[in-house]
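Below is one structure; the comments refer to it alone.
Please treat every number below as a calculation from the coordinates, not as lab data. What you see is a predicted model; the values in this text were computed from it and never measured. Cβ atoms come from the backbone with ideal geometry, glycine included; neighbour counts cover every protein chain shown.
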Amino acid sequence: MPDFLDAAWNQVVTGGPAASQMAANAVVEAIDRTLRAAAPDAEVLAAAERGELGKNATYLRGGKAAPTRRGRVAYILRSRPGDVKMASSLVESMVTSTAKLVEELQAGKHSSPLPLVLVQTHLVSAEALLTHLVLDPSED
């Protein structure tokens, strides 16, 4: 996924007429591909079926269950050390951050372009979010 983040930074630095849309697209791809790689469909669906991921972990796509971003984030964070309340708060925080970030970036892809400085801010947020999701603090 670093290639997508590098591509986004390249767009932010070089600018151009479609830079914000291209950067936004690269960031959304980095988030979605990271979530899919760290939380594969079959594993998320199985964990959701066992009731390990809380509410809204799946949705129906073409008549079949599919993981939501919320479900993938919950799956990734499910085994992090700490008490249950803190883990639950972390999942909610990460889900909310991911959803808002993707919403803002999608808007920039499909409607009026976001200012590059805002895309840059979202890019920094996405990097922090992805770092938090993929780095396991128990592996020190």
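Values for this structure:
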read-out: The chain, relative contact order in percent, only Cα pairs under 8 angstrom and at least six apart counted; value: 30
read-out: Footprinting exposure proxy for Leu135, Leu123, Leu5 (fewest neighbouring C-beta atoms within 10 Å first); value: Leu135, Leu5, Leu123
read-out: Segment 1-51: radius of gyration over Cα atoms, expressed as a fraction of 2.2 N^0.38 Å; value: 1.54
read-out: Angle in degrees between helix 116-134 and the longest Cα principal axis of the chain, rounded to the nearest 10; value: 30
read-out: Nearest-ten-degree value, helix 2-14 long axis tilted from longest Cα axis of the chain; value: 30
read-out: Ellipticity estimate at 222 nm from DSSP helix runs (n ≥ 4, -39,500 (n - 2.57)) divided over the chain, nearest 500; value: -23000 deg cm²/dmol
read-out: Förster-model FRET efficiency, 25 Å R0, Ser79 and Thr121, C-beta, rounded to 0.05; value: 0.20
